[in-house]
Amino acid sequence: MAAVDDIPSTALPGKVLGPTSRFAPGAGTHIFEGNVVSSLMGRVTIIPPAKAPGPAKRLNKITAPTVEELATITVSRHGSKHEILPDVDNIVLARVVRLMPRQAIVVIQQVGETVLQTEWQGVIRVQDVRATEKDKVKIYESFKPGDIVRAQVISLGDQANYYLSTASNELGVIMAISEAGNDMVPVSWKEYKDAETGISEPRKVAKPS
Amino acid sequence: MADRRRVNGPGGITVPPIYEAEDLPLPDRSRQPNGIRAQYLKTGVTPSASGSAYLEIEPQNGSVSKGMKLTCTVHGPRSLPRSAPFSPHMVLSTHVKFAPFATRQRRGYLRDSSERDLSTHLETALRGALIADRWPKSGVDVIVTIIEGDQARQVAVEQGIEEWDMMNVLGGCITVAAAALADAGIDCVDTVSGGVAALVPGKDGEEPVMVLDPVPSEHEEILAACCVAYLPSRDEITNLWLKGSLSSDANLQRMLIARAVHASKGSSQAVAASLTEAALAG
Amino acid sequence: MAPTAGLTRATFAKLSPHPYLLANLEPSSDDVPPARSNGRAPNEVRPPTVNSSSLSHAHGSAVVRMGDTTVICGVRGETILTSNIPSFRASNNETELREYDLLVPNIELATGCAPQFLPGGPPTTLAQTLSTRIYSLLHSSKVINPDNLRIWHTGAEGMTANEDRMEDDAPDAIEGEKVVAAYWVLYIDIFFISFDGNPFDAAWAATMAALRDTKLPRAWYDADREMVISSRKESIPITITNIPIACTAVVFTGKETDRPSVDGKFWMLVDPDRLEESLCDESVTIVVDCKDGDTRILSISKHGGTVLTPTLLTSKQFLSWAGKRWEEFNLAIVQP
């Protein structure tokens with residue numbers, strides 16, 4: 001990390017971190033009057049350009065090299081909870097709250113590895129449950145309220161809902177409770193089984209990782 | 001109309017104590033005209049909130065008041081209520097409330113007009129600092145509770161000139177809310193801070209003087225006052241509240257605003273020191 | 001739970017808080033002591049700290065902290081003339097506090113003290129319940145001596161009293177006779193700054209600490225002005241001789257709240273935090289006063305569930321825990 005002697009280790013919103021000629025703005029920063037400026041309170045991290053200047057080390061990389069790669073400055077609060085918003089392509093964990101004939105309403109609990117403090121509502125439409133034989137999918141044979149589902153964000157959706165999809169082998173129900181109130185284990189791609197009563201229930205099962 | 005959801009007490013009229021003697025001798029301003037009171041700031045006082053801060057403004061020597069105390073909690077980003085229309089950016093809502101024991105007169109639980117006024121000023125002050133488009137279709141609630149106000153002067157209440165106190169309260173609200181927003185990790189272009197300046201009559205009939213961070217109980221009379229919400233790194237004002245009788249001299253108004261900005265710079269330095277400490281710690 | 005393999009602790013805690021708490025209370029290894037999700041032992045409380053007299057506009061005030069629960073209480077006295085009390089009877093010296101409604105406690109949660117308590121609406125059910133419980137306990141515990149709130153008037157000599165006698169028969173006095181002309185009404189306002197469970201214990205302790213700190217100005221009735229006048233110089237502390245303390249515990253059965261526990265196994269978690277309160281259906285609050293060594297029970301209230309039996313509620317173990325809590329709180333309140 002060269003030439004970063006004048007960069008402070010911590011920043012508050014409004015703190016000038018460096019000129020845009022030398023740095024690229026990362027998370028927790030913005031640009032104002034030609035400078036990268038902190039927009040959060042936290043510690044400053046400088047991420048060197050992915051491709052180190054000088055002789056290229058990896059010649060097998062086919063990306064088009066930019067004219068000039070800059071170190072990225074980010075500001076983040078270490079060790080404390082930081083809220084993030086679900087974004088398109090994120091893998092989320094959500095709890096099913098309500099079933100409707102054409103869609104299931106869920107509440108997103110975790111985005112990536114971040115456990116959320118606030119709850120965002122999502123919807124899994126019937127056509128987004130499975131990748132194949134979409135016309136045969138029935139919502140009530142795929143989910144039950146209380147299930148925990150691994151899903152992918154496909155759209156930021158409307159004012160209230162994020163649109164989610166479970167149309168992939170790895171996606172679907174990962175935790176389920178039976179009618180009798182016991183934990184269940186997945187037995188096939190479309191069934192969970194209550195180990196105590198031996199009764200199976202249909203679900204869109206996520207392939208156990 | 002009694003609020004049946006609270007304990008209302010006796011049906012008859014109760015009155016606050018009426019004292020035999022006049023007010024205690026009021027303290028005189030012992031600070032320099034350009035001095036502001038010391039401030040103590042602490043973040044994270046309400047761990048279950050997204051962000052929070054507590055601000056205490058040091059009491060004056062010999063004053064009855066024990067200084068101003070405010071807490072602020074920030075909740076967000078959170079999902080908007082189902083009924084809310086789509087918003088491509090973060091929706092800010094502010095709420096300022098005095099605790100019933102914060103002022104000389106006991107205040108009720110319902111928000112009164114001065115509290116609504118403060119909420120609106122605070123909203124404008126913060127909106128100019130917030131980078132709202134970073135957080136689409138989400139909301140943030142900023143709630144300031146005034147635990148202890150400045151006001152310690154009977155005549156102020158009787159004459160209904162509480163508004164001077166409101167200026168100081170607003171300055172504190174802005175500063176504490178900015179700290180709580182920073183604690184919550186919500187993007188802002190700058191750490192906004194509040195500052196107040198006032199024009200008071202000079203001693204022994206001399207020319208009026210301008211003072212920073214005026215405590216109304218320390219002055220016989222306040223001619224005009226100004227509260228700004230100021231972005232120190234950008235040199236921008238996000239909210240300006242000026243009132244009182246100033247001559248039409250534009251210079252005087254400009255001066256008063258400049259003094260208020262000066263006061264906010266002072267408070268900004270104090271706040272920055274506490275926040276940097278918090279940033280290092282966590 | 002088989003499918004939870006591969007989930008982090010934080011995820012597990014968020015997705016299935018019941019099994020997570022159960023797993024902590026029943027660790028698989030004998031080397032790990034049973035603990036709650038917050039790291040406390042089941043019978044471990046959060047030590048309280050109390051600060052008094054931090055407010056200048058109130059006649060008495062206190063801040064009580066228990067872990068992440070912080071509550072501030074301000075007591076303010078206002079006066080009411082007996083002529084303004086419709087049900088006033090001079091002979092009543094037993095039930096004045098309750099009959100004339102002289103104690104006015106209110107709890108405010110809408111300070112954003114937790115994400116579920118935002119301002120804007122009417123007081124939540126919890127806020128209303130807490131206010132009512134404080135109100136009842138203030139009256140039933142008789143911690144306030146009514147004499148502290150009486151403002152006396154000794155019949156003045158001269159004509160004023162005689163003239164008034166025609167239309168105004170309330171505070172008037174026969175010469176030299178001492179009558180109650182007015183009362184102090186105590187407005188007790190309790191604000192939650194931070195909420196992490198167990199609001200009643202904290203609110204009650206703050207109320208007691210603030211009352212103990214309360215000094216009302218010396219006041220007298222001015223017959224000429226027909227009003228109560230207070231002295232700025234002299235003030236009289238309210239005499240609080242007993243400080244009863246509330247101790248709350250919740251019952252965790254290891255299952256979702258709407259399902260009965262199969263094997264009858266349960267844990268009593270004392271001084272619950274916000275998460276534990278949300279996971280438990282049954283709670284018990286016992287208010288005790290252990291002054292001079294003997295434990296007096298002022299109230300026991302139990303809500304929800306059917307796990308706690310009368311035997312358990314009167315067991316030595318339970319009462320000794322409450323006694324210890326009383327001692328801890330009294331020490332925190334009494335010390336300067």
Which residue, C:197, C:112, C:39, tops the fluctuation ranking in a GNM of chain C built on C-alpha contacts under 10 Å? C:39
Please give the Cα centre distance for the stretch B:68-88 versus the stretch C:268-331, rounded to the nearest Å. 37
Can you tally the net charge around residue C:216? Count Lys and Arg as +1, Asp and Glu as -1, for every other residue whose Cβ sits under 14 Å from the Cβ of residue C:216. +3
Acute angle (nearest 10 degrees) that the helix C:125-141 long axis makes with the longest principal axis of chain C, alpha-carbon atoms: 60
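Sorted by mean Cβ packing within 10 Å, highest first, what order do the peptides C:309-315, A:38-44 take?
Details: C:309-315: 10.9, A:38-44: 26.3.
Per-residue mean Cβ counts within 10 Å order the peptides as A:38-44, C:309-315.
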Based on the Cα coordinates of the stretch B:39-281, what is the per residue volume of their convex hull in Å³? 141
Note down, for the stretch B:169-259, the three equivalent ellipsoid semi-axes (square root of 5 times each alpha carbon gyration tensor eigenvalue), biggest first, whole angstrom. 29, 14, 9
Connecting C-alpha atoms closer than 10 Å in a GNM of chain B, tell me which of B:188, B:226, B:72 has the biggest fluctuation. B:188
For peptide A:29-40, what's the mean number of Cβ atoms from other chains within 10 Å of each residue's Cβ? 4
Residue-by-residue Karplus 3J(HN,Hα) for the stretch C:207-219, coefficients 6.51, -1.76, 1.60, Hz, glycine and proline x: 4, 5, 5, 6, 5, 5, 8, 6, 10, 8, x, 5, 10
For chain C, what is the calculated [θ] at 222 nm in deg cm²/dmol (nearest 500), taking -39500 (n - 2.57) for each run of four or more DSSP H residues and dividing by its residue count? -7500 deg cm²/dmol
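Per-residue mean of other chain beta-carbon atoms within 10 angstrom of the beta-carbon, peptide B:79-87? List each step's numbers first, then the result.
Working: counts 11, 2, 2, 4, 2, 2, 1, 5, 1.
That average works out to 3.
Among C:300, B:186, rank each residue by its count of other Cβ atoms within 10 Å, from fewest to most, as a rough exposure measure.
Numbers: C:300 16, B:186 30.
The order, fewest Cβ neighbours first, is C:300, B:186.
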Check residue A:181: other-chain or 5+ apart residues with amide H under 5 Å from its amide H, H built from backbone geometry? none
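To make sure I understand, if each residue's beta carbon is the centre and we count other beta carbons within 10 Å, what order do C:201, A:6 fall in, fewest to most? Walk me through the intermediate numbers first.
Details: C:201 27, A:6 7.
Result, fewest neighbours first: A:6, C:201.
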Cross-link pairs beyond the 19 Å C-alpha cut-off, checked among B:69/B:243; B:42/C:215; C:255/C:324; C:291/C:316; A:136/A:190: B:69/B:243; B:42/C:215; C:255/C:324
Considering only B:90, B:68, B:255, give the residue with the highest GNM mean-square fluctuation for chain B, with springs between Cα atoms whenever their separation is below 10 Å. B:255
Restricting things to alpha carbons, tell me how big chain C is in terms of Rg and Dmax, in Å. 24.5, 91
Net +/- balance of residues flanking residue A:194 in space, Cβ distance below 10 Å, scoring K and R +1, D and E -1: -3
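How high is the relative contact order of chain A? Use alpha-carbon pairs under 8 Å, at least six apart in sequence, and give a whole percent.
Values: 463 pairs, mean separation 28.2, N = 209.
This gives 14 percent for chain A.
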Using a cut-off of 13 Å between beta-carbons, work out the net charge of the residues near residue C:66 (Lys and Arg +1, Asp and Glu -1, residue C:66 not included). -2
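Please give the average number of partner chain Cβ atoms lying within 10 Å of the Cβ of each residue in C:211-219, rounded to a whole number.
On the way: counts 0, 0, 0, 0, 0, 1, 4, 1, 4.
Other-chain Cβ atoms within 10 Å of each residue's Cβ, averaged: 1.
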Shape of the stretch C:53-237, Cα gyration tensor, a/c cut at 1.5: prolate
According to the square roots a ≥ b ≥ c of the eigenvalues of the Cα gyration tensor, what is the shape class of the protein assembly as shown, taking rounded for a/c under 1.5, prolate for a/b larger than b/c otherwise, and oblate for the remainder? oblate
Cross-link candidates for residue C:142: which aspartates and glutamates have Cα within less than 16 Å, leaving aside residues fewer than 8 places away along the same chain? C:94, C:96, C:99, C:101, C:289
Mean ellipticity per residue at 222 nm, deg cm²/dmol - from DSSP H runs of n ≥ 4 across chain B, formula -39500 (n - 2.57): -9000 deg cm²/dmol
Amide H neighbours of residue B:98 at under 5 Å, excluding residues fewer than 5 places away on the same chain, with H built from the backbone geometry, are B:146
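Read-outs throughout are calculated quantities, based only on the coordinates presented, and are distinct from any laboratory measurement. This structure is a prediction, so every number in the text was calculated from the model and none was measured. Glycine gets a Cβ as well: all are built from the backbone with ideal geometry, and neighbour counts include every protein chain shown.
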